[in-house]
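Novice: Got a structure for you, questions after.
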Amino acid sequence: MIAIDINGRSRSVDATPETPLLYVLRDNLKLNGAKYGCGLGQCGACTVLLDGKPVFSCLTPVGSLAGRRVRTIESLGTEASPSPLQRAFIDEQAAQCGYCSAGMVMRAQALLETNPGASDTEIRARMQTNLCRCGTHMRILRAVRRAAAALGSASASPPQAGMRDGAVK
Amino acid sequence: MNAPLLTRRASLVGGVLLVGIGLPGRGAHAAETTDDKPPGSLAQFPLLDSWVRIDAAGITVFTGKAELGQGLRTALTQIAAEELSVPFDAIHLVTADTARTPNEGYTAGSHSMPDSGTAILNAASQVRAILLAIAASSWSLPVDSLTTRDGTVRAPDGRAVRYGDLITDTTLHQNALVRSALKPPADYTIIGHAQPRVDIPAKVTGGPAYIQDMRPNDMVHARILRPPSYGATLIALDDTEIAKMPGVLKIVRDGSFVGVIAKREWQAVQALRAMVAAARWKPGPKLPERARIYDTLLALPSEDTTILDRLDVADAAVSELSARFNRPYIGHGSIGPSCGLALFDGTNLTVWSHAQGMFPLRAAIAGLTGLPPDKVRCIHVEGSGCYGHNGADDAAGDAALMARAFPGQTVRVQWMREQENTWEPYSPAMVTRVRAGLNGAGNIVDWNYDVWSNTHSNRPGGAGALLAGWSLEKPLTLPRPVPIPQPEGGGDRNAIPLYVLPHATVVHHFIPEMPIRVSAERGLGAYMNIFSIESFMDECAAHTGADPVEYRLRHMQDPRARDVITLAAERFGWSKAAPGSGRGFAFARYKNLGAYCAIALQLAPIGDDGQLRVARAVLAVDSGQIINPDGIRNQIEGGFLQSMSWTLFEQVSWNADGITSRDWAGYPMLRFGLLPDQLETHIIDRPGAPFLGTGEASQGPTPAAIANALFDATHLRLRELPLNPPRLRAAGLA
């Protein structure tokens, strides 16, 4: 058994240390957000946050996570109460098939947590890592800009708990 | 451009262009109706309760089409809610399921709105008429004194009765009438109005949204060992140690078809890796030399069909132009590799799949497993976007074979990335040749066009279409392909120009033999034929010294085509953009009977790396009556960006021993860094006109607009795709 910190909870999982985090999230913990896309770190569909930084969960052995904090899209919000970034994806209708969406949201989340007022150039550069096949890129950019604008203007006031520590919505 | 923007009075509201006057000679959605059958898929399934059921649980609407991420659930729900006069949320929609829905074949070819949308529109309208008639009779009031609102029929005196209280289980078990009393489009409050997609909230919050997210309690995980190349057969596989690996439950083997079932998913992956290392294969036939693929295809026997032979009165040609175009094999490139689930209870087999046709898949799986079709049920569950016939059907076939060998538990088969990239059926490589004669005014008076292509559909149907069947001890073989006939066509889709060409011959050279596995991908032959025709229209315009937009209009009579061409040019500011600045234009009506789409775009300056980038693109589209404006915009924009990706990057690679574009490093496609700065879409609404479908309309004009912009910037005409840096360097452009 391996103990890992997922979305602010310590979870004990029955997996060998080399098992990619992606399989632990999806199979052991039954979380839907992180997606299998390539298993090679080329598409970003499996992106989660590790100590606040975006990583490919398909390439991250679960045995390497002692003392580290993993956050998935399930930590942000729910359908009934989406996070500001998720709300922006819905408002911009920034999906077609949506298979890449969770990875897109998590990579953008990491950017906005460190750089809430990220510019268009910064957003494009950061999102380069993640593939979308339906061609919803322009909408994804609009969604991230929309959330950035909301957060950037909010940064003069106390930060929103959900965006700053990311633990819960 | 100073000319009137549109041929009819129009106004722009919220980015949607509203045309105030209907099309001449056409009532609401009338063009879908023949004299003796109700319209759309109602013709094949006329029973009203095939489409709409009302009971104590509420209103359920059925479609044989599937949600592929194109927004189908939302659009069909809008249609049903509108004609039934109920709120959007009151509709429960059931999609493709062989046990529950009409058999509407494949969700493909931009047919969902014309076929299923039209059926639901008319069925819902007729159901509403029946409800009104029953209420009128019970109240002894005239029908036209009653109204419907929020799922109730209301009388002028304030009495109201709920729909569910007006009917019995059998009331709607009656055939649809040929004609429906549809609502006037002016009364629409849901159709044509923005409706947020029903599926997006779950997709952006980690909710269960995909077949990959299904986890029945009894589920086990399977992986399939695939041969290293087409036609390779298994010589030896010592699986003694693999069977002892942690979690391994069963190894299934039938000839060269081998799969492993494990308790945990990662255990199945590890077992697959061990099998890959242990398996010894007899190679299949060598693949043809990639550098000579177009000549190889042209040298294969072809079945030739003259699909257009027009000989109207025409001027003599005073000059002649000709050109040849090539396009490579292109993959579907789904972000999620294919997946299938199946459960065999000893008698009945249930299969969950993200393939595009549940009924054809059922026939194929029945053939593959030897089960009677009535013992096989196929249920569509959404997967990653497919854009055509990718590995989804094959993964379902794999799951069916594995479940058959492991009864009593649900078996989930998930393909690996390299399996999807190397085994999915690609969109075929094609060659076209065009020759035009111009009169003294520069107008085209003679047009000769040839297109060479493999089939664009090897879909199931037959079990031989499923990959697993090829590897069985008693192997199944792919049936000999047959061309998809005109007017839709396959390789010859959109091979007939919509332009007025007095002398014109178009020949489809259908090549049955397939050195590389191919099938349907978004737009079929339209991508290549429109690339060729619209590139060549620009060549003719340039030869004459004509403006490309004016030259197109000069050869176009269809008023709706003229409208989208004019609108795209106007919104782009075509008349103000300097020739030579890297602007390009293209137009097509998909299948010559679907949506109209015109594109004007501007290339960014070409850098030293030879990488093209579109700076700005303006798209205009006419899909008939709009259902969900943002749904159309999303499809048109997405189609443009995907087609731009095909055009700038994509080609399947191989060597003699097999496919080599195994992952996203070997098969690069569009990423955020090469997006346009601006992308805008303008929609022309045609209230009451038939739904034309939208999903493939921008695929074809995109490559031509890019190639035309490249010519505008450089005076070099590139006629082979992709337009990638090596091609530009070879042309001396970088």
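Novice: Where residues in the range B:327-339 are buried (at least 24 other Cβ atoms within 10 Å of the Cβ) and away from every other protein chain (no Cβ under 14 Å), which of them is nearest to the chain's Cα centre (by Cα)?
Specialist: B:TYR329
Novice: Going by the structure shown, is B:ARG253 buried (at least 19 other Cβ atoms within 10 Å of the Cβ) and of a type in the set (Lys, Arg)?
Specialist: Against the criterion (buried (at least 19 other Cβ atoms within 10 Å of the Cβ) and of a type in the set (Lys, Arg)), B:ARG253 does not qualify.
Novice: Being closer than 20 Å to B:GLY71 by Cβ, within 7 Å of chain B (Cβ to nearest Cβ) and open to solvent by less than 10 Å² (accessible area, probe 1.4 Å) is the filter here; which residues of the range A:69-95 pass it?
Specialist: Scanning the range A:69-95 gives A:GLN86, A:PHE89, A:ALA95.
Novice: Taking into account only those residues within the range B:340-367 that are of a type in the set (Gly, Ala, Ser) and surrounded by 24 or more Cβ atoms within 10 Å (Cβ to Cβ), which is farthest from B:ILE496 (Cα to Cα)?
Specialist: B:ALA342
Novice: A follow-up question, please. Go through the range B:420-453 and give me each residue that's in a loop (DSSP other than H, G, I, E, B) and open to solvent by 10 Å² or more (accessible area, probe 1.4 Å).
Specialist: B:ASN439, B:GLY440, B:ALA441, B:ASN443
Novice: How many residues does the range B:202-250 contain that are open to solvent by 40 Å² or more (accessible area, probe 1.4 Å) and of a type in the set (D, E, K, R)?
Specialist: 7
Novice: Residues that are among the hydrophobic types (A, V, I, L, M, F, W, C) and at pLDDT 95 or above, at least 3 per element: which helices (runs of 4 or more DSSP H) completely within the range B:489-592 meet that?
Specialist: In the range B:489-592, B:526-544, B:559-572 are the helices (runs of 4 or more DSSP H) which contain 3 or more residues that are among the hydrophobic types (A, V, I, L, M, F, W, C) and at pLDDT 95 or above.
Novice: Another question, then. Quick one: count up the residues across the range B:56-88 that are more than 14 Å from every other protein chain (Cβ to nearest Cβ) and over 20 Å from B:THR147 (Cα atoms).
Specialist: Final tally of qualifying residues: 10.
Novice: Considering only strands (runs of 3 or more DSSP E) fully contained in the range A:30-115, which possess at least 2 residues that are more than 26 Å from B:ARG662 (Cα to Cα) and among the hydrophobic types (A, V, I, L, M, F, W, C)?
Specialist: A:47-50
Novice: Any idea which of (1) surrounded by fewer than 24 Cβ atoms within 10 Å (Cβ to Cβ); (2) touching a Pro at 6+ places or on another chain (Cβ under 8 Å); (3) polar (S, T, N, Q) is the one B:THR168 doesn't satisfy?
Specialist: (2)
Novice: Ok, one more. Got at least one residue in the range B:100-110 being in a helix (DSSP H, G or I), of a type in the set (Gly, Ala, Ser) and either surrounded by fewer than 24 Cβ atoms within 10 Å (Cβ to Cβ) or at pLDDT 95 or above (or both)?
Specialist: no
Novice: Kindly provide the set of residues from the range A:134-155 that are open to solvent by 10 Å² or more (accessible area, probe 1.4 Å) and either part of a helix (DSSP H, G or I) or within 13 Å of another protein chain (Cβ to nearest Cβ) (or both), ordered by number.
Specialist: Result: A:MET138, A:ARG142, A:ARG145, A:ARG146, A:ALA149, A:ALA150, A:LEU151, A:GLY152, A:SER153, A:ALA154.
Novice: Still on this structure, I have one more. Within the range A:8-45, count every residue that is open to solvent by less than 20 Å² (accessible area, probe 1.4 Å) and either at pLDDT below 95 or among the acidic types (Asp, Glu) (or both).
Specialist: 1
Novice: Next up: List pairs: first residue in the range A:95-117 and in the same structural domain as A:CYS132 (by TED's automatic domain parsing) and at pLDDT 95 or above, second residue assigned to a loop (DSSP other than H, G, I, E, B) and of a type in the set (Asp, Glu) anywhere in the structure, Cβ distance under 6 angstrom, at least six positions apart or on different chains.
Specialist: Nothing qualifies.
Novice: For the subset of the range A:51-66 comprising residues that are surrounded by fewer than 23 Cβ atoms within 10 Å (Cβ to Cβ), within 20 Å of A:SER12 (Cα to Cα) and in contact with a strand residue (DSSP E or B) (Cβ under 6 Å, 6 or more places away or on another chain), which member is nearest to the other protein chains (Cβ to nearest Cβ)?
Specialist: That would be A:LEU65.
Novice: Right, something else. Could you tell me which numbered condition B:ALA291 fails, if it satisfies all but one of (1) open to solvent by less than 70 Å² (accessible area, probe 1.4 Å); (2) without any contact (Cβ under 8 Å) to a residue 60 or more places away in the chain; (3) part of a helix (DSSP H, G or I)?
Specialist: Result: B:ALA291 passes all but (1).
Novice: Another one. So, of the residues in the range A:118-133 that are in a helix (DSSP H, G or I) and without any contact (Cβ under 8 Å) to a residue 24 or more places away in the chain, which turns out to be surrounded by the fewest Cβ atoms within 10 Å (Cβ to Cβ)?
Specialist: Of everything passing the filter in the range A:118-133, A:THR121 is surrounded by the fewest Cβ atoms within 10 Å (Cβ to Cβ).
The values are calculated or read from the model by the stated rules, or taken from the named source; none is laboratory data. Remember, predicted model here, so these are calculated numbers, not experimental data. Note that we place each Cβ from the backbone using ideal geometry, even for glycine, and neighbour counts take in every protein chain shown. Surface accessibility is based on the protein's heavy atoms, side chains included, excluding ligands, DNA and RNA. Shrake-Rupley method; radii C 1.70, N 1.55, O 1.52, S 1.80 Å.
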